[in-house]
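A quick write-up on the structure given underneath.
Please treat every number below as a calculation from the coordinates, not as lab data. Keep in mind it's a predicted model, so treat the numbers as computed, not measured. Positions of Cβ are backbone-derived with ideal geometry, glycine not excepted, and every protein chain shown enters the neighbour counts.
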Amino acid sequence: MSQISNLKKMENKKIIKGGEFLVKETSFKDIFIPEEFNEEQNMMAQMCYDFVDAKVLPNIDALDKHDRELLLKLLKEAGEQGLLGVSVPEEYEGFGQNTVTSMRVAEAMGGSFSYVVAFSAHTGIGTLPILYYGNEEQKKKYLPKLASGEYIGAYCLTEPGAGSDANSGKSKAILSEDGTYYTLNGVKMWITNGGIADLHIVFAKINDDKNLSAFIVESSWDGVTIGADEEKMGIRGSSTVQVYYEDVKVPAENLLGERNEGFKIALNILNLGRLKLGGSTVGASKAVATSAVKYANERKQFKTPISQFGAIKHKLAEMVIRTFAAESIMYRVSQNVDDKIQEHIANGMDKGKASMEGLRQYAVEAAIAKVYGSETLDYVVDEGVQIYGGMGYSAETDVERAYRDARINRIFEGTNEINRMVMVGELLKRAFKGEIDVLGPAMEVGKELMGIPDFGDTTQDYFELKKKALKNFKKAILMVAGAAAQKYQDKLQQEQELLFAVADMLMLTYASESFMLRVEKIQDMKGEDKVELLKLMLDVYFYDVAAAIKKFGDDAVNSFAEGNERMGMLMGMKRFTKVDGVNVIAARRKIANKIIEDNKYPF
């Protein structure tokens, strides 16, 4: 597509900046929803589902026993079917698909337990650093092998003394006097695919540099030693090892990107990893919800299927509601990234750089997708075990494995605590730089607190009322964040508990908006009669979110405000989180009846 036609296509969409959802309203016309998947995207997803059912699930017990040869075989078979090259451009023997399609694949693989960890590590952080930061020679040499499965990739960042603070790593690369190679020394830990990988993306500091650089290292080279597989709580089927580099000679041409650029590469690739993880957790949530309802329909107590009991209906309905919200977030962000990439390309930017800039732009939303998706999955697997009862605690059931496997997702790709800091920190950084106008809206909220409350017109239509509630949720965030920033100024980053409260308000507001826009778009596409149940789900969600935002907001205000300021802000918080009452019991029963009737996750 030419640059001119790309620009014309972009003109029809209003693309808001990352984090700008807090201060700008989004139209449902400008987002992507799963109901819009095209035939090719659905076909690729079906290929993944078929592969998981036929190849992975029958072998999952063997994989959990650290069968490296089997894991390698299954990854190579995925490569033979083209599943490893979804994001790799056609000129490097891949499918060249966009972010939305790669997330569709991540979701479809999400129900494969630990296999999805190996698959995602290879296709994401093991391959894409070369695509986005490699030079043409590196791309031609390595990408076709990674896309086909001839080579398996791993990402080697974490060290025994450097986890969340990645730039403090001790691994060092000394450039030879003639400048032809680097001598690499260091230890990396928690390396996914480390036991089977042919290619490592390794981060180390060159000589006495302050920042990391990145290198492409082949595991067959002298001096590379692979440790034994770690014994883990979950994801036992993925290979997780320590890797030792002792005087490894890395050719100078295997420096990835520019010198000192490694930390930047690591951060940008983590944005992608977070988004992909959001995709796989959605797939896993759907799989566990399906497993739970099937068991609930079969299991009888007091001569009645347990799916007919209100307590079980509550759990099933909540699984569906939260998973639907997580899915809405993920595909909204994915399309945002694609739109921004296309905008950059249309303006003449190289595709690799455009892709990284697109991901960087939506770092806030990627962090939200990761945290919300992983915590949704944790809820779903926990309630899944509860629905199974004693059987859920037995290793004979898949829900027991799902429960253990899910826990790592709150640690992967930056802990959820780190990601909460990213949400607020990145947003405030952009506000201080003037990239997003947060100060103006925050001042307006301050003036509103001093005025007479506007109770509005209660005769507005359904979505107008929801949008009004959303605006108020955003006002609550602006009120707290603005006052906290004013009080603590450059020391705000030290108030982690306060920032976590703001992050949760931000995340729940974004989830609510994504949920609402999806339902509104489905109504526009299919008609009002097709969204009756979805509106019930949305009602329950807004009702619960309003209460949660109020609690987080009150906790934040009480942590730093005093006297009249505190009283005024608490009154404002109550006003901004006021929504109409909902009969959540009746609503959840109707929602549960849908999943019970379908005997699977229904959307």
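Taking the C-alpha atoms only, the angle from helix 39-51 to the longest principal axis of the chain is near 70 degrees.
Using mean Cβ contacts within 10 Å as the protection proxy, how do 479-488, 276-285, 40-49 order, highest first?
Values: 479-488: 19.9, 276-285: 30.7, 40-49: 16.2.
The densest-packed peptide leads the list: 276-285, 479-488, 40-49.
With neighbour counts taken as other beta-carbon atoms within 10 Å, the residues HIS122, HIS314, HIS344 rank, fewest first, as HIS314, HIS344, HIS122.
Centroid-to-centroid, using Cα positions, segment 113-190 and segment 250-298 are 15 Å apart. Estimated from helices alone, the mean residue ellipticity of the chain at 222 nm is -19000 deg cm²/dmol (sum of -39500 (n - 2.57) over DSSP H runs with n ≥ 4, per residue). Taken one residue at a time, the phi angles of segment 199-206 give Karplus couplings (6.51, -1.76, 1.60, θ = phi - 60°) of 9, 10, 8, 10, 10, 7, 8, 7 Hz. Gly and Pro are set to x.
Kindly flag which residue pairs out of LYS24/LYS466; LYS14/LYS264; LYS17/LYS140; LYS13/LYS351; LYS433/LYS551; LYS264/LYS351 have an alpha-carbon separation exceeding 22 Å in this structure. Walk me through the numbers before you get to the answer.
Values: LYS24/LYS466 15 Å; LYS14/LYS264 28 Å; LYS17/LYS140 33 Å; LYS13/LYS351 20 Å; LYS433/LYS551 30 Å; LYS264/LYS351 17 Å.
The pairs that break the limit, which is 22 Å between Cα atoms, are LYS14/LYS264; LYS17/LYS140; LYS433/LYS551.
Distant-in-sequence amide contacts of SER114, defined by a placed amide H-H separation under 5 Å and a gap of 5 or more residues or a different chain, comprise GLY237.
Straight-distance candidates among the aspartates and glutamates for linking to LYS550, with alpha-carbon spacing under 13 Å and chain neighbours fewer than 8 residues away dropped: ASP504.
Normalised by the number of residues in segment 262-418, the mean separation of alpha-carbon contacts (under 8 Å, six or more apart) gives a relative contact order of 34 percent.
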